[in-house]
Amino acid sequence: MTDPQRILIFIPNWVGDVVMATPALRAIRTQFPDARIVHLMRPYVAEVLGGLRFCDEQAFWPAGNLSMGRRWTQFSRLVWELRREQFDTAVLLTNSFRTALVARLVRAKRRVGYLRDGRGWLLTDPLAPVKSGKKYVPVPALDYYNSIARYLGCEKVHDRMELATVNADESAIDARLGSEADDRPLIVLNPGANFGWAKCWPAEYFAALSDMLIERHGARVIASTTPRERSIADRIRAAARKPLEIFVDPPLGLGPLKALIRRAQLLVTNDTGPRHFASAFGVPVVTVFGSSDPAWTVTRFAGERNVHLNLDCQPCMKRVCPLKHHNCMQQLEPEVVYAKAAELLCSVPPPWGTASVPTSSSPAEGGRYALRADEGRN
């Protein structure tokens with residue numbers, strides 16, 4: 001089969017999934033170096049992939065806060081512009097019906113994706129997901145995306161996730177951290193989770209963990225939260241006995257958060273997107289699991305330690321505890337998480353060594369489509 005010359009790739013929406021898709025994105029770019037590759041994504045995803053060079057251009061879905069009429073106008077224009085590209089291949093790393101429909105509407109000759117959500121008739125190359133009866137079998141997202149890359153003929157497919165930082169994000173972190181030399185180990189806490197509260201280890205437990213890390217390791221501890229997680233930040237601040245820094249006002253964007261985690265000696269996090277920033281940069285990470293199933297997000301990173309209980313109700317995969325007690329997190333004591341953190345802090349050098357991280361003066365590949373993201377925010 002002739003190598004594709006124009007490839008449209010539908011990028012996942014969740015931050016962690018985007019990071020776990022980077023090995024497949026790298027493999028496609030490597031296998032087809034002369035092809036024109038366009039990534040279609042949510043606007044905020046550009047910060048996650050900023051600094052990488054896996055595509056020639058980026059296209060953005062209309063912003064969700066637009067009026068219905070304007071959103072439809074933006075959507076129609078997006079489809080029209082993509083259709084003009086005359087893509088010979090559309091690669092769907094997403095599972096939704098909508099993305100398969102768009103691949104058909106832009107008239108991509110070949111449309112490759114998993115057979116899900118009733119969209120098989122829209123695909124030319126439907127791939128069968130792993131199922132047991134009617135239920136999907138947990139498959140690590142790395143394997144899920146890499147299987148698509150291999151199906152396309154990619155020969156160099158590896159598990160190593162990859163991220164980069166850009167100069168503006170590094171400068172933003174320089175300003176937040178201060179210019180004075182600091183030889184304390186930098187430990188970052190990520191106590192929130194966009195998916196839902198069921199994924200969140202109690203804020204008071206994060207505060208207790210912070211106290212242990214400061215008392216026993218002389219650490220500089222920074223907790224990063226979003227504005228929507230201000231209550232978490234307030235609870236950590238109220239419960240902590242030792243002073244820690246909390247980055248909530250102004251909040252860090254995804255780009256500066258990458259730069260912060262890249263510099264850390266350790267990240268302690270719930271099962272949420274920034275967890276994968278650490279793996280991509282070779283930074284040791286302790287991940288606390290509650291409602292979610294670790295089998296979906298296996299990273300094969302030697303520097304990660306997963307902590308979870310084995311209750312009968314786990315994993316429920318719910319946003320809010322359906323039993324109202326949240327025992328999967330409430331019964332997971334801070335000392336248990338600390339033990340894993342201490343184990344990694346004593347691991348010198350880090351399991352993957354010091355990562356060589358590319359930086360760039362520009363956040364992403366940019367181009368004609370970059371304007372559409374700005375238009376969508378107005």
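In this rough spin-label picture, where each label sits 7 Å from Cα along the Cβ direction, the E333-W80 distance is 6.5 nm. Here region 165-345 is treated with +1 on each Lys and Arg Cβ and -1 on each Asp and Glu Cβ, and its dipole about the Cα centre works out to around 340 debye. Between Y44 and S67, the simple spin-label model (points 7 angstrom out along Cα→Cβ) gives 2.5 nm. Size descriptors for region 2-76: radius of gyration and Dmax over Cα atoms are 13.7, 43 Å.
Listed values for region 219-225 are Karplus-derived 3J(HN,Hα) couplings in whole Hz (6.51 cos²θ - 1.76 cosθ + 1.60, θ = phi - 60°), namely 7, 9, 10, 10, 9, 10, 9, and x replaces Gly and Pro.
Taking amide H as placed 1.01 Å from N in the peptide plane, F247 has its amide H under 5 Å from the amide H of A223, S224, T225, each at least 5 places away in sequence or on another chain. Taken as Cα centroids, region 281-331 and region 174-236 sit 18 Å apart, rounded to the nearest whole angstrom. Where only DSSP H runs of four or more residues are counted, the chain gives -10500 deg cm²/dmol as its mean residue ellipticity at 222 nm, each run worth -39500 (n - 2.57).
A simple spin-label model places the labels of D182 and N13 3.6 nm from each other, with each point 7 Å out along Cα-to-Cβ. Here's the picture: charge each Lys and Arg Cβ at +1 and each Asp and Glu Cβ at -1 in region 139-224, and of P202, I214, N167 the one pushed furthest to the positive end of that dipole is P202.
Of all the options P33, P294, P12, the one that moves most in a Gaussian network model of the chain with Cα springs shorter than 10 angstrom is P33. With q set to 0.07, 0.10, 0.11, 0.14 Å⁻¹, the log10 of I(q)/I(0) for the chain, from the Debye formula over equal scatterers at the Cα positions, is -0.32, -0.67, -0.81, -1.26.
Can you run the Rg to Rh ratio on region 33-168? Use alpha carbon positions and the Kirkwood inverse-distance Rh.
Using only Cα positions, Rg/Rh for region 33-168 is 0.97.
Please pull out the direction-averaged projected area of region 165-345, using the convex hull of its alpha-carbon atoms, in nm² to one decimal place. Walk me through the numbers on the way to the answer.
Values: hull surface 39.5 nm².
Hull-based average projected area comes out at 9.9 nm².
Selection among T22, S132, I11 by position relative to the dipole of the chain gives S132 as farthest towards the positive end (Cβ unit charges, Cα centre). Listed by chain and number, the lysines whose C-alpha is less than 25 Å from the C-alpha of K135, apart from same-chain residues fewer than 8 away, are K199, K318.
Of the residues M68, M41, M161, the one that moves most in a GNM of the chain with alpha-carbon contacts below 10 Å is M68. Applied to region 326-332, the Karplus parametrisation 6.51 cos²θ - 1.76 cosθ + 1.60 on θ = phi - 60° returns per-residue 3J(HN,Hα) values of 6, 5, 4, 9, 5, 8, 8 Hz, with x for Gly and Pro.
Among the trypsin sites (Lys or Arg not before Pro) within region 52-101, those in coil by DSSP and having at most 14 neighbouring Cβ atoms inside 10 Å are R53.
Bear in mind that the values in this text are calculations on the coordinates, not laboratory data. Keep in mind that what you see is a predicted model, and the values were worked out from it rather than measured. Backbone-built Cβ (ideal geometry, glycine too); neighbour counts: all protein chains shown.
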